[in-house]
Every structure is written in C-alpha cells, then in structure tokens.
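Readers should treat all values here as calculations from the given coordinates under stated rules, not as data from a laboratory. Every value quoted in this text rests on a predicted model; they were computed, and no experiment measured them. All Cβ positions, glycine included, derive from the backbone under ideal geometry; neighbour counts span all protein chains shown.
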Amino acid sequence: MKIRIDAEPTKIFDAITNPLKLSIWFCNKGEVNLKIRGAIRMSGENCAATTFREKEIVGSITELDPNRLIKFTWPINGTQSEVTWQIDEKRNFCDFLVTHDKIPDNSMMMDAWLIYLYNLQSLLHVNRPSYRLDYARLDKGTIRRELFIEALPPAIFKALTDQRDLRVWFSGEAEVDPQVDGKYLTGWKDSAG
C-alpha cells in the first residue's frame, strides 16, 4: 500500500521510528532500537496486534537504511510476518510504501494499514492522527464511530446510498434499493462463502 506525504524523508523517518510519534499514529506505546537486529515493540488498544494471539508486536529490525527504509518482523498468530516501510522521495513530496509479507489468513491487516497510513499522513500534515481505532473494543456491544468528512451532506448521502458508489469505496458486492424497507446489503465473502 502506498500514500503520498508532503514531508521530507527525515521527518517521515522520524515519525516511523520515534516512539512518541509512533504512539500518535500507530500504537499507544512503541520502542525502537534503531539498528540491525534491534528490537521493535509496539502495543496498546490502538495497535492491531491486540486482536492477535501475541497481543503486541515484538519483532526485530532485519533491514535499515535511515531516511529511506526499515524492515522488521511482526509475529501474527504464530506466523512470522515481515513489514517494510519505505520512503521514496519525489520532487515535491514522498511516497510512503508499506509492504506486509507472510500475513496469515483472516488477519484483516489491509484495513489496519489503511487507517495507519492516513494517520501517519495526517500527523505529518496537520500534527494529529485522522482516526484512532480502539482494537481492544472491536465486536463488543454497540459500535459507534465518528469521522469528519469535508463534503456537503448530499454528496455523503449519495456515497452511502448509490450502489455504484458503494461498490467503489466499500464493497464490490453491495446491493442497494434506497427506499423504506429497501435492500441494503454490504459485506464480503471469504473462500468458504
């Protein structure tokens, strides 16, 4: 996954390795020993690792190129996955690329990385994360989330009720009949249906 960030490589690298900044966009507590085979520890309710057997990220740095790349291990449900954070400097911005290899099935990391990338971008652009998800409270009781969207209500309503729009941004299998008692189906199917 890749996101454009309007910041210099040194600022991005600081945001991805500085424990204080990691605690803003990625997790609640982070520790990084910035050397090859150095330890990486990340934890807290805003860290997706809380949904896995390990409950935290306890990995080690396997590749390091300051201001350009950091690669580390991340155990997920007994599988040793590998994460690469890469900064590609362009003329007026940087691309930040995340590669997460060897992810076990049904880990939902795609969703977590989307949130993390936008939080990193927001931290570097406006000095705050855009959205913090409490992974410790997933699937318990009522879920209520709020997000400010810079758009007029008719545009938001259309994105939520137009089947073609929903299929672009939410679920490729969405079905909508926008009327009282009409059909509103969204979701995904795994390999078992």
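Observations on the model:
- Gyration tensor verdict on the stretch 1-80 (Cα atoms; rounded if a/c is under 1.5, prolate if a/b is larger than b/c, oblate otherwise): prolate
- A cut-off under 13 angstrom between Cβ atoms defines the neighbours of Glu82, and their net charge, with Lys, Arg +1 and Asp, Glu -1, is 0.
- Helix runs (DSSP H) in the chain reaching 18 Å along axis by Cα, Kyte-Doolittle at least -0.5: 109-126
- Using a cut-off of 31 Å between Cα atoms, the listed pairs Lys102/Lys158; Lys71/Lys158; Lys35/Lys55 include Lys102/Lys158; Lys71/Lys158 as exceeding that distance.
- Check: the chain dipole with +1 on Lys, Arg Cβ and -1 on Asp, Glu Cβ, in debye: 460 debye
- The Cβ shell under 12 Å around Asn119 holds other residues with a net charge of +3, Lys and Arg each +1, Asp and Glu each -1.
- Prolate/oblate/rounded label for the stretch 8-145 (Cα gyration tensor, a/c 1.5): oblate
- Net charge of Cβ neighbours under 12 Å - reference Cys94; Lys, Arg +1; Asp, Glu -1: +1
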